[in-house]
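> What follows is a single structure, and I will ask about it in a moment.
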Amino acid sequence: MAVESSVLLKWYSETARDLPWRREGVSAWQILMSEIMLQQTPVVRVAPIWEEWVDRWPVPSAMAASSQAEVLRAWGKLGYPRRALRLHECAGVLAAEHGDVVPEDVDTLLSLPGIGSYTARAVACFAYGQRVPVVDTNVRRVVARAVHGNAEPGNPSNTRDLADVAALLPRTRARAATYSAALMELGALICTARTPNCENCPLPNCAWVASGKPAHTGPPKKVQKFAGTDRQVRGKLMAVLRESHRPVERAQLDIVWPTDPGQRDRALHSLLVDGLVEQTDDGLFALAGEGTP
């Protein structure tokens, strides 16, 4: 085994970050909220918002009883606010069809709104201790280096990636669940994308290190910019609507991005299409759920 379980588990027990969703007493629903929030968003930004949500919506029915707009306001600046809408929809299904409890098995989790392969497996593993492979960007990078000797993991392949990680999991269920968390932690803290800290890596064997750390030979990874993009414009438009508790006139939205009216119109249209924003009969704009009397 290239990523030895005993060594990695020992390292994790000694160095794991004290993240709030890893503590005792955290429910599967609260872990599900953390997993949705953590998609493409750093831990440092998620933690305080997650703790507010746990207090406000400790069970799915509590969120389901709130409006879409309330959830979007509470989401704040976490980014990709469609995640908040889908989580609100998921809360409604959990409350109505699952007794206010998040299911344990992957297949049932996959049937819920907004729950994809990674999230379903992460909840099954981290909330219920299931022995299932959990693969995110960090895990893919560790496996690419330690097992396959590649600097980068290449294009995702759900079948291949899951099989790679499944082959590494310890046989016992409890150790497998902790191992999944440890593998993810290794990629987040040590085996990072740009500057891997190989000197402090707990693994005694790594195929990439053993082969002299060959450089990545594929096309360079695209750096995702934010400034000047439609995402930035969407964020500014959403900020106006979050701060207002009543529909606003178009002029209030226009002033947030006056330099490129075409881009601003495109961003607003995309928010309407995504269901994040509504237009009233008299032409005003509001967050989802606040555009009709």
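> Given the -39500 (n - 2.57) contribution per DSSP H run of 4+ residues, what per-residue ellipticity at 222 nm results for the chain, rounded to the nearest 500 deg cm²/dmol?
Rounded to the nearest 500, the figure is -16000 deg cm²/dmol.
> A further question follows. Over segment 71-126, what is the relative contact order in percent, taking alpha-carbon pairs closer than 8 angstrom and at least six residues apart? The partial results should precede the final answer.
Numbers: 37 pairs, mean separation 15.2, N = 56.
Taking the mean separation of contacting Cα pairs over the length of segment 71-126, I get 27 percent.
> Here's a follow-up. Is any residue of segment 65-100 close enough, with backbone N under 19 Å, to a label point placed 7 angstrom from the Cα of Ala239 along the Cα-Cβ axis, and if so, which?
Counting only backbone N, you get 72-82.
> With an 8 Å Cα cut-off and a minimum separation of 6 or more residues, compute the relative contact order for the chain in percent. Walk me through the numbers on the way to the answer.
On the way: 373 pairs, mean separation 54.2, N = 293.
19 percent.
> I would also like to ask the following. Could you pull the accessible area for Trp257 with a 1.4 Å probe, rounded to 10 Å²?
Accessible surface of Trp257 is approximately 40 Å².
> Something else: If you plug each phi of segment 248-264 into the Karplus form 6.51 cos²θ - 1.76 cosθ + 1.60 with θ = phi - 60°, what whole-Hz ³J(HN,Hα) values come out, in order, with x for Gly and Pro?
Karplus values, whole Hz, x for Gly and Pro: 10, 6, 4, 4, 5, 7, 4, 6, 6, 8, x, 6, 9, x, x, 5, 4.
> Can you work out the accessible area per residue across segment 30-157, with the rest of the protein chains kept in place, probe 1.4 Å, in square angstrom?
Dividing the accessible area of segment 30-157 by its residue count gives 40 Å².
> Shifting gears a bit: Any chance you could check the Cα centroid distance between segment 28-77 and segment 148-227 for me, in angstrom?
That distance is 28 Å.
> Assuming 0.36 nm per residue, please report the length gained on full extension of the stretch Lys213 to Glu51 beyond their Cα-Cα distance.
The Lys213-Glu51 span can extend by a further 54.3 nm.
> Still on this structure, please answer the following. Karplus couplings for segment 203-210 from phi (6.51 cos²θ - 1.76 cosθ + 1.60, θ = phi - 60°), rounded to Hz, Gly and Pro as x?
6, x, 10, 9, 4, 5, 5, 4
> Another question, if that's okay. I need the trypsin sites (Lys or Arg not before Pro) found in segment 164-223, filtered to DSSP loop residues with at most 11 other beta carbons within 10 Å of theirs. Numbers along the way, then the final one.
Details: sites: Arg171, Arg173, Arg175, Arg194, Lys221, Lys222; in loops: Arg171, Arg194, Lys221, Lys222.
Sparse-neighbourhood loop trypsin sites (Lys or Arg not before Pro): Arg171, Arg194, Lys221, Lys222.
> Could you name the lysines whose alpha carbon sits less than 19 Å from that of Lys213, not counting residues in the same chain fewer than 8 places away?
Hits, sequence-local ones excluded: Lys221.
> Ordered by packing density, taken as the mean number of other Cβ atoms within 10 Å over each peptide's residues, highest first, how do 162-170, 80-88 rank?
Working: 162-170: 17.7, 80-88: 20.0.
Put in order of decreasing packing, that is 80-88, 162-170.
> Oh, and also: What is segment 1-66's relative contact order, in percent, from Cα pairs under 8 angstrom and six or more apart in sequence?
28 percent
> Next question. With Cα extents along the principal axes in Å defined as stated, name the option among (i) 66, 47, 31; (ii) 81, 57, 36; (iii) 60, 46, 33 computed from the structure displayed.
(i)
> Express the carbon and sulfur contribution to the solvent-accessible surface of segment 101-181 as a percent, rounded to the nearest whole number, probe 1.4 angstrom.
For segment 101-181, the apolar C and S fraction of the accessible surface comes to 49 percent.
The values are calculated or read from the model by the stated rules, or taken from the named source; none is laboratory data. Bear in mind that the values here come from a model prediction, so they are computed numbers and not experimental data. Methodologically, a virtual Cβ is constructed for each residue, glycine included, from the backbone with ideal geometry; neighbour enumeration extends over all protein chains shown. Accessible surface is based on the protein model in full, side chains and every heavy atom, while ligands, DNA and RNA are left aside. Shrake-Rupley method; radii C 1.70, N 1.55, O 1.52, S 1.80 Å.
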